[in-house]
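The values are calculated or read from the model by the stated rules, or taken from the named source; none is laboratory data. This one's a predicted model, so the numbers in the text were calculated from it and none came from an experiment. Every residue, glycine among them, receives a Cβ derived from its backbone with ideal geometry; neighbour counts consider all protein chains shown.
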Amino acid sequence: MPYNLPATRVLMNNLRQVMAEEGDARSRLDQVVRIIASTMVADVCSIYHREADETLLLIATEGLKEEAVNKTRMGANEGLVGYVARTAEPIAIEDAPRHPAFSYRPETGEDPFHAFLGVPILRTGGVLGVLVVQNRTERTYRDEEIETLQTIAMVLAEIVHRIEEDQSTPQPDRRFRGQSSENLRGRIFCEGLGYGRAVLHDPVVPAARFFAADQKQETLRLTQGLKDLRTSIDRMMLIDGAALGEDPRDVMEAYRLLAHDNSWAEKLQEGVRSGLSAEASVDRARREHRAKMQAARDPYLRERLHDLEDLDNRLLRILGGDENKPQITDESSVLVARRLGPAELLEYAKTGLKGILMEEAAASSHAAIVARALSIPAIGGIEGLTTLIEQGDYVIVDAEQGQAHIRPDDAVYDAYKSRVALRSERQAVYASLKGLPAQTKDGETLSLMLNAGLDLDLDMLDQAGADGVGLFRTEFQFLVSESLPRLEDQISLYRRVLDRAAGRPVIFRTLDLGGDKVLPILNQLREENPALGWRSIRFALDHKGLFRRQLRALVRAAGEGPLTVMFPMVTTPEEFREARALLEEEVAWTLKRTGKTPSKLEIGVMLETPALAFSLSDLAGEVDFLSVGTNDLLQFFFAADRMTPSVSDRYALISPAALRFLRMVAETCKTAGIRLSVCGEATATPLAAFCFAAFGYSSLSMSASSIGPVKQALRSIDLAGFRKGLDAALEKPNGAFRNQVLGIAIEHGADIPDT
C-alpha cells in the first residue's frame, strides 16, 4: 500500500501508546519493531545498539531470526549499519547486497532481503544506535519514508537511553552520560575558576511530549509559540541589544528575519500534522539543522544554520514554559552548550553564571569575546562535551589550566577549593594595585593597556586599573552584520569608546577582515590558507570605499580630540603609506566640511609579518609608533598555525629565536625613533612582560584579567639586572631556555605566582 500522511499518523498514535505503557524498555523495543514493520509494509525492522567498544549489537528485530538478537554484532567500520553509525546520516539502497559496504551475516537469515533503509538513532549529538527497515523486493524508499523513520528514531533514542541507564543491563557506553567522573580538556576562552551545577543550553524534549494527543490543540500551541518567539526577539532588539552597544542588533535582526520565515514555520506545522507534538516537531527540525551545520563547509552557511538552530532552541524553551527555561539560580551554575551567540550569553549572564563550557573551538567567536567582557571563566573546543554532561551535574571549570571536571570526586573538589581561596587572595592583592603605576623596582614605568572590541570590555578599564585601550578591534561591528554598518553607526560606536575611556589613550585598529573573518555581505570565497590570504590591510586597500568610510567615521568621532589609529598586518612600507594617505585625505575632507580636525593624530603600524621588521628603517619619520601583534607574528615566524592544536603550543615566545628577533625589532625602532608597544596573548604572562620591558617595549596591551598579575610582577623586579641576565642567556641559551629565563627573573626579585 502507498505510504502517506494518514499512515504516518497511525504509526505515531501506535508509538504513543507504547511509550505510555508500563514495562521494561527492551519489551517496548520488541513492540516498536513490529509496529514499524507492519505500518511501513517492511519485511524487516531491526534496531542496533552502539556498545562501549563501538560495535553495533542487534537488540530487537521483526523479520530476522530471533536467535540473532543480542548475538549479531557489526564493527564500527563494517557493513551498512556501521556506515550509518559512523556518518550519522541515513542511507537508502535499492539493492543492498550489491553495495560495496554490505556485510552478509548468515545467522540473521537476511538472504532474501534487498531494499535497505537505515537511519541513526541520535540523542544530544551522539549516535546511540541504528534503526533499519528492509524489503525482499528491490525498491526505492521515498523521502517521506526516510523522514518518518528519522522521526521514529528520535523517539527510539529515549527508549535506548533508558536501556543504557538500566543497571541490570551491561555497562553503558561511557562516551555518553553517566555517573563516572570525567576530566575534559579544551581551549581557555576566559581565564578563571568556577564551580556549579550544569545547565544545558539545548532544551531536552521529554518523551511524554513526543506525540500530539490533540492535533488541533498542538497546532494552536505551535502558532502561539511562534508568535511569542517573534515578540521576544523584537524585545531583545530594543532592550538587550543596548547592553552590547550597536553590534548585536544586526545579529538579532537576522534572528528576526529567520523567525518570520514562512517555510520554516510550515515545516514545523507539517510535523504536527503528522502526529508529532509541537515540541517534537521543533526538535526534529533542530536535529536536521544541526546535522546540516556540521556538514557545511561554507562559513556563511554554517552561521545561518546556527541561527536556525538557535531559533529552534528558543522556540522549544517557549513551548516548554517554566519547565524548559534555563534553571540558573543564585546558586552557582555552569552553562554547557555546543555553541552560543552573544545575545544568548547575555540572557544567561544576567542570572550570575559561574562558568561556561562549549564545544565550539574558536576563541575569536562572539560568545568567547562576550565571556571575556563579562569575566566569566570559559573553556571551548571540548569535543563531545554535551554527550557527557547531564542537566544538574556538578562541574568544575578550571579555565587556568584548560580543564573541565565533570562530577568531580572529593579530592578534586578539595583541591579546587584550595585554588579558589588562593585566587581570591591574589585578586585582593591585584585590586590594591589598581591605582599604582606598573613601575619596576629600579624605577622604569610601563603602560599596561586593555585589549577590547566591545562596549562591555570598557567596563574593565577601571576595574583592572588599565592605563588605556592598547587595541580596540573595530571589525566586530562588521562581522555580526548582514549589511555594512552605516557611517553614523560607526561614528556612534567610536564616540562611545572614546567617552568611556574618559581621556585615557585609545588605539583603534582598522578593519582586520578577510581570511577566517569572512564578511557575509561580500560573500568571500574560501581560501586554502586564510591566515596568509586576502585579509587585513590587503583587504582594506582593495575595498577603498569600505576602508575610507571607516577612516572617516574615526576622524568624525574624534572631533577636536586626539585620535590614534594603527593599520594591521602591514607587510611593505608601500601598504602603510597608501593607508596613511587615505587617512590624511579623510582628515582634510572632514576639516573642510565640519571645521574640525583631531587635536593630535598618531598613526601606527602593527608588526605581524617578519617582512615588515626588515623595512622599519624605511619608515623612520613616517610611523609614530609600532605595536607587535604577537598572535599572528609568532605563527608566521614559526610557520605554525595557532588554530591547529597539534602545533599551536609547540613554539613559544620565550625561546632564543623569537626573543632575538624581538630584540632586533626594538633596536631598529630605537634607532628610527619609533615608539614601541605590544599587544596579543603573549603579553599576558609576567615572564613575557619582563622580556618585552627589558627590550624597551614601553606599552603592553592585554586582557583585563592579566593586568593585575603582570603589574604585580613588574613592580617586584629589578629590570636592569634582569635585562643584563637575559642578554647573556640569549648569547648562551641552555636546553631548558624558559626555565633559564625564569631563574634569571627570580634572581632579580620577580614575584610570579605558581612558579
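At pLDDT below 95 and assigned by TED's automatic domain parsing to the domain that holds residue 512: is that true of residue 645 in this structure? Judged against the criteria, residue 645 is a match.
With the requirement that a residue be surrounded by 16 or more Cβ atoms within 10 Å (Cβ to Cβ), assigned to a helix (DSSP H, G or I) and small (Gly, Ala, Ser), what does the range 589-645 give you? Residue satisfying the conditions is 613 alone. Annotation note: Cβ proximity below 8 Å between a residue of the range 656-672 that is in the same structural domain as residue 682 (by TED's automatic domain parsing) and a residue that is part of a helix (DSSP H, G or I) and polar (S, T, N, Q) (sequence gap 6+ or interchain) occurs for 668/617; 671/617; 672/617. In this structure, residue 490 qualifies as assigned by TED's automatic domain parsing to the domain that holds residue 570 and modelled with pLDDT of 90 or more. Here residue 693 clears all of (1) over 17 Å from residue 447 (Cβ atoms); (2) modelled with pLDDT of 95 or more; (3) of a type in the set (A, V, I, L, M) except the condition numbered (1).
If you filter the range 547-574 down to residues that are assigned to a helix (DSSP H, G or I) and hydrophobic (A, V, I, L, M, F, W, C), you find that the one that is nearest to the chain's Cα centre (by Cα) is 547. Using the structure shown, decide if residue 223 is modelled with pLDDT under 85, surrounded by fewer than 19 Cβ atoms within 10 Å (Cβ to Cβ) and out of contact with any strand residue (DSSP E or B) (no Cβ under 6 Å at 6 or more places or on another chain). It is false that residue 223 is modelled with pLDDT under 85, surrounded by fewer than 19 Cβ atoms within 10 Å (Cβ to Cβ) and out of contact with any strand residue (DSSP E or B) (no Cβ under 6 Å at 6 or more places or on another chain).
Look through the range 710-727, keep the residues that are of a type outside the set (D, E, K, R) and farther than 13 Å from residue 691 by Cα, and return whichever of them is surrounded by the most Cβ atoms within 10 Å (Cβ to Cβ). Step by step, filter the range 710-727, then rank; the result is 712.
Among the residues here, residue 53 does not qualify as over 24 Å from residue 113 (Cβ atoms) and in contact with an Asp or Glu (Cβ under 8 Å, 6 or more places away or on another chain). If the condition is being part of a strand (DSSP E or B) and not aliphatic (A, V, I, L, M), then the range 41-94 contributes 45, 46, 48, 49, 50, 61, 62, 73. For the range 99-138, the set of residues classified as free of Cβ contacts under 8 Å to residues at least 60 places away in the same chain, assigned to a loop (DSSP other than H, G, I, E, B) and under 43 Å from the mean Cα position of the chain (by Cα) consists of 99, 100, 101, 102, 103, 104, listed by residue number. Selection over the range 713-741 of residues that are within 37 Å of the chain's Cα centre (by Cα), modelled with pLDDT of 95 or more and aliphatic (A, V, I, L, M) gives a count of 3.
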